[in-house]
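Take a look at the structure set out below.
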Amino acid sequence: MLNIYSALIFPTFTFDWLGDSASMYQLGFQDPATTTMEGIYLFNLHLLFVIISIVILVGWLLFIILRNFTELDNSQVANFTHSNALEIVWTSIPALILLSLASPSFSLLYSLDEISNPELTLKILGHQWYWSYEISDFNSCSDTQNLKYSSYMLTDEALKENSSIGFFRNLETNKRVVLPTNTHLRLLITAVDVLHSWTIPSFGVKVDACPGRLNQANLFIKRFGVFFGQCSEICGVNHGFMPIVLLAMPSVQYHYLIMSNLEFN
């Protein structure tokens, strides 16, 4: 029987392959891979436009005031003390700006909490210091299949022994999460011992894993690829060594793997 992770753990890489991971001196977002992240990215562009416009306007006003109303260039004292029109302007304009920000932000927040009928559920458990996963609610899964597994970070020794050219140090795991694209997914996140945070920047997902509490998130992956994340909670001495590697593949291929009795060891 074929083993799915023989192809997933040690694939053939080219030197120009980088995957969806952070790059050196990166300032912007990673490429969005979900509808959630696309909404966050577009709202960020809208917010940046508003902020830059405000900075330019305020800077221009300060420059005009300093140039035209300095003490050395004005010999007469102005009698200007009050203006109803000016007060209306500097009250209504910020209110309109806030409304332009509130409308898309509320829509985005409500869409993030909207849970559709999922076709597959991924249960995520945080441990000290590794992740374990369980896939359920899949109609084609039989009782003989084991869909529970743990994911540990690959050490430097393991990377050297297997000649893992193209792998990311401190980001690769011995087993990857495999999920289909263009499918409504449900994530159930919790922790066994201490606080953790399951985060993948390309998905726009950052959910806390709290012991005794079950957090839920929805996911709809729009493109296939390999996506990287890490625990974003200061959970202990090995906080920085809880990487997440997720392989998203087309739904047809994913269904074929399940129906071919491939086991997640």
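The values are calculated or read from the model by the stated rules, or taken from the named source; none is laboratory data. Keep in mind the model is a prediction, meaning the values are calculated, not measured. For neighbour counting, all protein chains shown are included, and Cβ atoms are generated from backbone atoms with ideal geometry for every residue, glycine included.
For the reader, a short list of remarks on this structure follows.
- Within the stretch 21-37, the residues that satisfy the criterion of being under 10 Å from Lys222 (Cα atoms) and either more than 10 Å from the chain's Cα centre (by Cα) or of a type in the set (A, V, I, L, M) (or both) are Ala33, Thr35.
For (1) modelled with pLDDT under 85; (2) touching a helix residue (DSSP H, G or I) at 6+ places or on another chain (Cβ under 7 Å), each residue gets a yes or a no:
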position: Phe15; (1), (2): yes, no
position: Asp31; (1), (2): no, yes
position: Met37; (1), (2): no, yes
position: Ser53; (1), (2): no, no
position: Val58; (1), (2): no, no
position: Leu61; (1), (2): no, no
position: Trp90; (1), (2): no, no
position: Pro94; (1), (2): no, no
position: Leu109; (1), (2): no, no
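- Scope the stretch 159-208; condition small (Gly, Ala, Ser) and farther than 17 Å from Gln230 by Cβ; matching residues: Ser163, Ser164, Gly166
- Candidates are the residues of the stretch 112-129 that are at pLDDT 90 or above and surrounded by fewer than 20 Cβ atoms within 10 Å (Cβ to Cβ); the one that is nearest to Arg176 (Cα to Cα) is Lys123.
- The one condition in (1) in contact with a helix residue (DSSP H, G or I) (Cβ under 7 Å, 6 or more places away or on another chain); (2) at pLDDT below 90; (3) not hydroxyl-bearing (Ser, Thr, Tyr) that Lys160 fails to fulfil: (1)
- Residue in the stretch 194-208 that is of a type in the set (D, E, K, R) and in a strand (DSSP E or B) present: yes
- Condition check for Arg186: in a loop (DSSP other than H, G, I, E, B) and in contact (Cβ under 8 Å) with a residue 12 or more places away in the chain: no
- Matching residues, the stretch 28-71, being under 30 Å from Gly225 (Cα atoms) and not in a helix (DSSP H, G or I): Gly28, Phe29, Gln30, Asp31, Pro32, Ala33, Thr34
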